[in-house]
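Working notes, beginning with the structure itself.
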Amino acid sequence: MSHARPETPPHGFGPELRDAITLRAFALVLGGLVVQLAFIVSYLGAFHSPTPHRIPVAVVAADQARAQIVAKLNTLSGDPVKATPVADEATARRQILDRTVDAGFLYNATGTSDTLLVASAGGPSVSQTAAQIAQDLEQTQQRQVTVTDLRPPNKGDGRGMTSFYLVVGWVIGGYLTATILGMAGGARPANRHRTLIRLGVLALYAVVSGIAGAVIVGPVFNALSGRFWPLAGIGALVVFAAAATAVGLQTLFGLLGTGLCIILFVVLGNPSSGGVYPDALLPTFWRVIGQAIPPGAGTTLVRNTVYFHGHDTTHAWWVLGAYAVGGVLVSLIVVLWTGRRSRGTEPAPLPAV
């Protein structure tokens, strides 16, 4: 009776090298290099030279001076400001706090000192830029400008970056947990029931993550306090939107779907989110895509909910909802389609004899 010898691994460096470097391994390394370079290009492209672009400003001035001031602001080199006239200071303040504009310029016709109204909680960088533009302009006219901050960040919020960091953590947790579940049970769920179970687990995880994040930024660090349950709800939606999108992409593309998640959320989403530099300071590409990706929509939603009573958040709610629902639908459609296809290719059972 003969026994087959077990296959012995290749000996020597050359055979081991040929055995290790497969086409799949090469493709994975190449994919890692592409993501790495894309990360560098995206972050440097967004942040290397912040330039103001049409910062919305409300102008309050006497009738005889209003049109001239608006025209002067709108013809500044590079279009840093988009000025619109408003009737009075109360209107300018209301528009700043409901996020219609980022600043208000109050011209004092009887003196040489004017006022710039800002709300730095909406993005300190853009408020500082608006103040610098106003100061430079006033110096040429031998006038002075006083900056009044209507809504500064909370003391525990530092430079107003907590909203961004919170949302980044939620997004990473969502797609990372979906990826871990995928690695444990296969990137492509086996069937409809397995897909529903995975999505259900992720929904529960999203709720826990939302509450935990609200605890950290509220009672623990006192950075975004006073809106605990709204923040917890936003967090649950952000986490589930990222997780459901990851499941959808992984169900559709397998391992490649994880790489697409990283490109979407980290490479493109984080620098364009408005967390570091608001939209008005970002280059065109990042300004256009920022609020259409969960990090940007989530940052806007958190920031405007905490500081501006939920004004200008409708678009962000729709974006996050679309990612959450879209991820679920893609996952289920792909699983149902592949299930029917596999059943259609199974051989017909033999007839009973």
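The values are calculated or read from the model by the stated rules, or taken from the named source; none is laboratory data. Everything numeric here is computed off the predicted structure, so don't read it as measured data. Quick reminder, even Gly has a Cβ in these numbers, built from the backbone with ideal geometry, and neighbours come from all protein chains shown.
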Practice problem: With the condition kept exactly as written, say whether any residue in segment 79-101 is modelled with pLDDT under 90, assigned to a helix (DSSP H, G or I) and closer than 28 Å to Gln139 by Cα. | Solution: no
Quiz item: Among all residue pairs at least 6 apart or on different chains, which show Cβ distances below 8 Å where the first residue, located in segment 172-187, is surrounded by 13 or more Cβ atoms within 10 Å (Cβ to Cβ) and the second is modelled with pLDDT under 90 and among the aliphatic types (A, V, I, L, M)?
Solution: Ala187/Leu255
Self-check item: Residue match in segment 63-72 (condition: part of a strand (DSSP E or B), of a type outside the set (A, V, I, L, M), touching a strand residue (DSSP E or B) at 6+ places or on another chain (Cβ under 6 Å) and outside the structural domain of Asp312 (by TED's automatic domain parsing))
Solution: no
Exercise. Please indicate, with yes or no, whether at least one residue in segment 121-141 is within 19 Å of the chain's Cα centre (by Cα), assigned by TED's automatic domain parsing to the domain that holds Val334 and farther than 30 Å from Val201 by Cβ.
Key: no
Exercise. State all residues of segment 48-76 that are among the β-branched types (Val, Ile, Thr), touching a residue at least 60 places away in the same chain (Cβ under 8 Å) and crowded, with 19+ Cβ neighbours inside 10 Å; if no residue qualifies, say none.
Key: Ile55, Val57
Self-check item: Close pairs from segment 10-26: first closer than 16 Å to Leu255 by Cα and at pLDDT 70 or above, partner of a type in the set (Ser, Thr, Tyr) and exposed (fewer than 10 other Cβ atoms within 10 Å of the Cβ), Cβ under 9 Å, at least 6 apart
Solution: none
Quiz item: Out of segment 119-151, which residues are part of a loop (DSSP other than H, G, I, E, B) and within 18 Å of Pro56 (Cα to Cα)?
Solution: Ala119, Gly123, Leu150, Arg151
Self-check item: Number of the condition not met by Asp88 [criteria: (1) of a type outside the set (Val, Ile, Thr); (2) touching a strand residue (DSSP E or B) at 6+ places or on another chain (Cβ under 9 Å); (3) surrounded by 14 or more Cβ atoms within 10 Å (Cβ to Cβ)]
Solution: (3)
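Results for (1) more than 29 Å from His48 (Cβ to Cβ); (2) surrounded by 20 or more Cβ atoms within 10 Å (Cβ to Cβ); (3) outside the structural domain of Ser120 (by TED's automatic domain parsing), shown as yes or no for each residue.
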| position | (1), (2), (3) |
| --- | --- |
| Ala236 | yes, yes, yes |
| Thr245 | no, yes, yes |
| Gly259 | no, no, yes |
| Val266 | no, yes, yes |
| Gly275 | no, yes, yes |
| Ile289 | no, no, yes |
| Gly296 | no, yes, yes |
| Leu301 | no, yes, yes |
